[in-house]
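So the structure is just underneath, and the comments pick up after that.
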Amino acid sequence: MKRKIIAIILLLSFSMSFAKNIADTKILKDSTTPKSDVIVLVNGEHLKGEIVKMTKNAFVLLNENNEKVKIKNDDVLLVGFAQEISAYEKYQLGLLDGKRANKKRDFGNALVGVLLGIIGAGIVYISSNKIPFEADVLPENVKLINDFNYQQGFKKGAKKQAGNAALVGTLVGIVISYLIPPIIITVN
């Protein structure tokens with residue numbers, strides 16, 4: 001989990017300037033074109049090409065031979081983009097930041113789920129249409145706060161995290177309600 005967060009943090013902070021700086025280093029000076037994305041692996045290996053897909057678990061890189069290479073996030077140390085990140089990538093970053101921002105509220109949302117059941121989970125999900133504030137996002141993503149795609153991803157991530165926590169609370173409430181009556185009956 002920590003490596004995934006680190007990969008996302010570094011995703012923006014090194015976006016355009018990192019690819020240029022990486023290209024100027026001795027390691028990649030001869031082998032990287034100015035328009036190549038660069039993925040530096042934990043083992044020190046450098047992969048170059050075009051990042052065509054990012055998921056929560058992996059990157060897909062189209063290398064110089066037009067072959068798609070899937071790289072797990074756990075294996076990635078740094079990512080450098082030669083171009084501006086796409087609308088989809090901004091949405092994905094917003095989604096992750098929204099989940100991260102609402103994680104602080106998991107206990108309260110779960111408690112609402114325990115007390116109000118499935119109705120409480122629905123209320124939490126509907127009412128958690130949150131917009132990003134500087135305090136809620138990573139410092140590297142502050143520049144994206146006003147981006148429409150980032151905001152949409154943030155709202156979706158916040159809703160997912162809040163709804164999931166409330167749903168877990170609902171399930172805990174159901175389990176408790178089935179366990180408590182037999183205990184009370186046996187005590188009497």
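Take K29 and decide whether it is modelled with pLDDT of 50 or more, basic (K, R) and exposed (fewer than 15 other Cβ atoms within 10 Å of the Cβ).
In short, no.
Look through G108, G113, G49 and report the one residue that is part of a helix (DSSP H, G or I), modelled with pLDDT of 80 or more and farther than 27 Å from V142 by Cα. Exactly one of G108, G113, G49 is part of a helix (DSSP H, G or I), modelled with pLDDT of 80 or more and farther than 27 Å from V142 by Cα, namely G113.
When segment 59-86 is filtered for residues that are under 24 Å from D147 (Cβ atoms), modelled with pLDDT of 80 or more and part of a strand (DSSP E or B), the ones remaining, listed by number, are F59, V60, V76, V79.
If the condition is being of a type in the set (S, T, N, Q) and farther than 27 Å from G169 by Cα, then segment 102-150 contributes N141, N146, N149.
For segment 87-105, which positions are in a helix (DSSP H, G or I) and either touching a Pro at 6+ places or on another chain (Cβ under 8 Å) or of a type in the set (D, E, K, R) (or both)? Spell out the reasoning first.
Initial filter on segment 87-105 (in a helix (DSSP H, G or I)): 87-103.
Within segment 87-105, E89, K90, G94, D97, G98, K99, R100, A101, K103 meet the criteria.
For segment 65-90, how many residues are within 26 Å of Y125 (Cβ to Cβ) and buried (at least 20 other Cβ atoms within 10 Å of the Cβ)?
Selection size over segment 65-90: 2.
Flag: V137 matches the condition of being out of contact with any Leu (no Cβ under 7 Å at 6 or more places or on another chain), among the β-branched types (V, I, T) and surrounded by 15 or more Cβ atoms within 10 Å (Cβ to Cβ). Does K160 satisfy being touching a Leu at 6+ places or on another chain (Cβ under 9 Å), surrounded by fewer than 16 Cβ atoms within 10 Å (Cβ to Cβ) and assigned to a helix (DSSP H, G or I)? No; evaluated as a whole, the condition is false for this residue. I118 satisfies every condition listed in (1) surrounded by 19 or more Cβ atoms within 10 Å (Cβ to Cβ); (2) modelled with pLDDT of 80 or more; (3) β-branched (V, I, T) except (1).
The values are calculated or read from the model by the stated rules, or taken from the named source; none is laboratory data. As the structure is a computational prediction, the values presented were derived from the model and not from experiment. So basically every Cβ, Gly included, is an ideal-geometry build from the backbone, and we count neighbours across all protein chains shown.
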